[in-house]
Amino acid sequence: MQNRIILFHKQSSSARIRFLYFSNRNSVLGFESLPNLASLIEKSTDSLNENAQRKQLNEFFGDVDERVIIDDDFHYNIDVPGEIIGVALARFTDIDPPFELAQKVNAKFCEITAARSVSPVELELLQKAYTQIMG
């Protein structure tokens, strides 16, 4: 199973933070939702392979290398039956949220409060991501 990524945009002028939300699968995780039995293990000291993450992003969105920065300090492990899935955090660098990319993958940008219906594991990851973003 592939790793996951939380994607967000932070408005430079107002610091407004919006996460990419996939309403068709009620998830804030890029690539795939987590299986039902998933549970958050811990913050990982091992970094995820950034080249593999970029490859996944480019396959998912098309060429976004220049538009996304992957956070080197955000790596969490999720336990699913039979394996461990890594979760990373990445920021879109565009001046405004890239709504056209979101639309291309059947997603939209939303504030953290609008994503409260995601799974408990994803909510916990969102809280950790928000804390990381705010410093």
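Among the candidates Leu89, Leu125, Leu29, Leu34, which residue alone is at pLDDT below 90 and either over 15 Å from the mean Cα position of the chain (by Cα) or surrounded by 15 or more Cβ atoms within 10 Å (Cβ to Cβ) (or both)? Result: Leu34 is the single residue among Leu89, Leu125, Leu29, Leu34 that is at pLDDT below 90 and either over 15 Å from the mean Cα position of the chain (by Cα) or surrounded by 15 or more Cβ atoms within 10 Å (Cβ to Cβ) (or both). Total residues in region 96-135 satisfying the condition of being assigned to a loop (DSSP other than H, G, I, E, B) and either among the aromatic types (Phe, Trp, Tyr) or more than 25 Å from Glu59 (Cβ to Cβ) (or both): the figure is 4.
Might you let me know whether region 93-106 holds any residue that is within 17 Å of Ser33 (Cα to Cα), more than 13 Å from the chain's Cα centre (by Cα) and either of a type in the set (A, V, I, L, M, F, W, C) or surrounded by 14 or more Cβ atoms within 10 Å (Cβ to Cβ) (or both)? Within region 93-106, one or more residues are within 17 Å of Ser33 (Cα to Cα), more than 13 Å from the chain's Cα centre (by Cα) and either of a type in the set (A, V, I, L, M, F, W, C) or surrounded by 14 or more Cβ atoms within 10 Å (Cβ to Cβ) (or both).
Residue-wise test of (1) over 14 Å from the mean Cα position of the chain (by Cα); (2) aromatic (Phe, Trp, Tyr); (3) loosely packed, with under 13 Cβ neighbours inside 10 Å; (4) more than 19 Å from Lys128 (Cβ to Cβ).
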| site | (1), (2), (3), (4) |
| --- | --- |
| Arg4 | no, no, no, no |
| Ile17 | no, no, no, no |
| Glu66 | yes, no, yes, yes |
| Ile69 | no, no, yes, no |
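Working only within region 1-45, note down all residues that are basic (Lys, Arg) and either closer than 19 Å to Phe74 by Cα or part of a strand (DSSP E or B) (or both). Walk me through it before giving the result.
The initial filter retains those residues of region 1-45 that are basic (Lys, Arg), namely 4, 10, 16, 18, 25, 43.
The answer is Arg4, Lys10, Arg18, Lys43.
Close Cβ contacts (under 7 Å, 6 or more residues apart or on different chains) running from residues in region 17-28 that are in contact (Cβ under 8 Å) with a residue 12 or more places away in the chain to residues that are surrounded by fewer than 23 Cβ atoms within 10 Å (Cβ to Cβ) and basic (Lys, Arg) comprise Ile17/Lys10; Tyr21/Lys108; Ser23/Lys108. Pull up region 107-122, narrow it to residues that are surrounded by fewer than 19 Cβ atoms within 10 Å (Cβ to Cβ) and touching a residue at least 24 places away in the same chain (Cβ under 8 Å), then point me to the one that is nearest to Ser39 (Cα to Cα). Ranking the qualifying residues of region 107-122, first place goes to Ser119.
The values are calculated or read from the model by the stated rules, or taken from the named source; none is laboratory data. Since the structure is predicted, the reported quantities are computational estimates derived from the model, not experimental observations. Quick reminder, even Gly has a Cβ in these numbers, built from the backbone with ideal geometry, and neighbours come from all protein chains shown.
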